[in-house]
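Report on one structure; see the data block that follows.
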Amino acid sequence: MKKKILFVVSLLFGLMFINAGLNKFLNYMPPPKDMPEKMMKVMGAIMEITWLMPLVGIAEIVGGILFIFPKTRALGAIIILPVMVGVMLTTITVAPSALSIALPLFLINLWVIIENREKYLPMVK
């Protein structure tokens with residue numbers, strides 16, 4: 001049962017990140033109209049660094065694809081981790097109202113990392 005739950009959660013998580021990554025290139029989801037002014041300033045500053053969004057988009061797409069499949073899920077979780085840390089820091093400092101979305105995603109990522117911790121041990125030995 002745990003494996004089935006983890007698969008469904010991982011599938012949804014991966015698809016969300018693939019969607020977010022594709023949106024960085026195709027811009028098919030407009031930003032919300034009621035976005036706080038502070039968040040608009042932050043996003044404007046991030047957009048000034050022209051290479052940053054494509055890099056994040058590629059990490060989200062690749063990480064999302066890897067996250068879906070059990071054999072590559074550990075690698076996908078590590079690829080998405082820096083993106084999730086950025087999302088969490090931005091959410092906490094600029095838009096705490098979005099924490100209800102960002103925190104569960106961050107916890108799912110941590111759950112997968114903890115479940116696969118034995119795969120990371122060779123990197124730190």
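Just so you know, all these numbers are worked out from the coordinates, no wet-lab data involved. In this text the structure is predicted, and so the values were computed from the model without any measurement. Ideal geometry is used to build each Cβ from the backbone, glycine not excepted, and the neighbour counts take in all protein chains shown.
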> 222 nm [θ] for the chain, helices only, -39500 (n - 2.57) per DSSP H run of 4+, per residue, to 500?
Replying inline: -26500 deg cm²/dmol
> Straight-line reach from LYS33: which lysines have Cα under 22 Å away, leaving out those fewer than 8 places along the same chain?
Replying inline: LYS24, LYS41
> Setting aside same-chain residues fewer than 8 positions from LYS2, which lysines have a Cα under 20 Å from its Cα?
Replying inline: LYS71, LYS119
>> Can you tell me, using C-alpha contacts under 8 Å and at least 6 residues apart, the relative contact order of the range 2-124 as a whole percent?
In response: 27 percent
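From the Cα gyration tensor of the range 2-124, with a ≥ b ≥ c the square roots of its eigenvalues, which class applies: rounded if a/c is under 1.5, or else prolate if a/b is larger than b/c, or else oblate? Could you put the intermediate results ahead of the total?
Working: a/c = 1.86, a/b = 1.73, b/c = 1.07.
Verdict is prolate for the range 2-124.
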>> Based on alpha-carbon centroids, what's the gap between the range 23-65 and the range 84-122 in Å, whole number please?
In response: 18 Å
> Which order results if VAL85, VAL124 are arranged by neighbouring Cβ count within 10 Å, fewest first?
Replying inline: VAL124, VAL85
